[in-house]
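Participant: Handing you a structure now.
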């Protein structure tokens, strides 16, 4: 990934668009209950729409791209679904978040990388967690996950990808010449390694699990606002799996061939409703009806 001043503006625009989507996805998958004020994120809809249009155009220009398990080609309307979810109040998103993910680690669609590891060996999972944290520390963002999020949560992982893309976009805008090429090399190698080892292999499976959970829940939620919010979260998940297909391809990472699914080890009351027994679901909702 080496740019010249002649192609830097175009490259900077595409990198900025990719960073914008990554940051928006990170915000979309963060736990809204961590937000003190129940206010909308209020994304710049025009900026998000333009960024997603750029992503869709890049995918079309790269076609044909071999898709991995769980991935999907970006569609023009995916960006609108992401924007719709982010524009909702934190309170409403928080209620939808609990419906889908529950109050403890979800067994159906956990937003944590290590819950998708094929092995249940605790040492291996601890090593994965340490490797993720090592990436964050290497780029001076050790607190990217905050005090209440595990480093392998989808939100901080996406925030880290957004950070690297933003760094690459800044260098492209500055058109710094040869002295900046080493920084470009380091950032791109980190981006490629992180996508290969810690994003592309599990996020499409996670997104599909969220979509399945949303399909299961939506018809059973009595409150119309909460039902619409749950559907909007599904739109953000759909955006994630198509965006990940492009980022994986641009990073030069091979598509995933193995079917991945969550394997949560947690002491959870099997009789408890996955969405926290909030009382707003119709009878039969929750993990037992999800199949």
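What follows draws every value from the coordinates through simple rules; no lab data is involved. Bear in mind that the values here come from a model prediction, so they are computed numbers and not experimental data. Here the Cβ positions follow ideal geometry from the backbone for every residue, glycine too, while neighbour counts run over all protein chains shown.
Participant: Based on the Cβ-Cβ distance from residue 91 to residue 185, what FRET efficiency comes out when R0 is 41 Å, to the nearest 0.05? List each step's numbers first, then the result.
Facilitator: Values: r = 44 Å, r/R0 = 1.08.
So, using R0 = 41 Å, E works out to roughly 0.40.
Participant: Another one. Figure the gain on full extension for residue 196 and residue 131 (residue separation times 0.36 nm, minus the Cα-Cα span) and round it to one decimal in nm. Walk me through the numbers before you get to the answer.
Facilitator: Details: separation 65, 0.36 × 65 = 23.40 nm, distance 1.26 nm.
Between residue 196 and residue 131, full extension yields an extra 22.1 nm.
Participant: A follow-up question, please. With each pseudo-label sitting 7 Å past Cα toward Cβ, what's the residue 254-residue 80 distance in nm, one decimal?
Facilitator: The answer from the label model is 3.9 nm.
Participant: Can you give the FRET efficiency to the nearest 0.05 for residue 178 and residue 218, using r as the Cβ-Cβ distance and R₀ = 41 Å?
Facilitator: On the way: r = 54 Å, r/R0 = 1.32.
That gives a FRET efficiency of 0.15.
Participant: I've got another one for you. Could you work out how far the C-alpha centroid of segment 174-240 sits from that of segment 73-101, in angstrom?
Facilitator: 12 Å
Participant: Could you calculate, for segment 143-233, the ratio of the Cα radius of gyration to the Kirkwood radius, expressed as Rg to Rh?
Facilitator: Details: Rg = 18.4 Å, Rh = 15.9 Å.
Reported Rg/Rh (Cα atoms, Kirkwood Rh): 1.16.
Participant: Under the rule a/c < 1.5 gives rounded, and otherwise a/b versus b/c splits prolate from oblate, where does segment 79-205 land using the Cα gyration tensor? List each step's numbers first, then the result.
Facilitator: On the way: a/c = 2.37, a/b = 1.38, b/c = 1.72.
Here segment 79-205 falls in the oblate category.
Participant: Still on this structure, I have one more. Which order do 103, 240, 211 fall in if you start with the one that has the fewest other Cβ atoms within 10 Å? Can you show the working numbers first?
Facilitator: On the way: 103 15, 240 27, 211 19.
Final ranking by Cβ density, sparse to dense: 103, 211, 240.
Participant: Between residue 261 and residue 53, with labels modelled 7 Å along Cα→Cβ, what's the label distance in nm to one decimal, could you check?
Facilitator: Calculated label separation equals 4.1 nm.
Participant: For labels at residue 120 and residue 60 in the simple 7 Å Cα→Cβ model, what's the distance in nm?
Facilitator: About 4.8 nm separates the two model spin labels.
Participant: Based on alpha-carbon positions alone, could you give the equivalent ellipsoid semi-axes of segment 49-89 from the gyration tensor, as √(5λ), descending, whole Å?
Facilitator: Numbers: eigenvalues 102, 35, 6 Å².
The three semi-axes for segment 49-89 are 23, 13, 5 Å.
Participant: In addition: Would you mind ranking 113, 66, 183, 157 by Cβ crowding within 10 Å, fewest neighbours first? Intermediate values should be presented prior to the final figure.
Facilitator: Working: 113 24, 66 9, 183 14, 157 29.
In order of increasing Cβ crowding within 10 Å: 66, 183, 113, 157.
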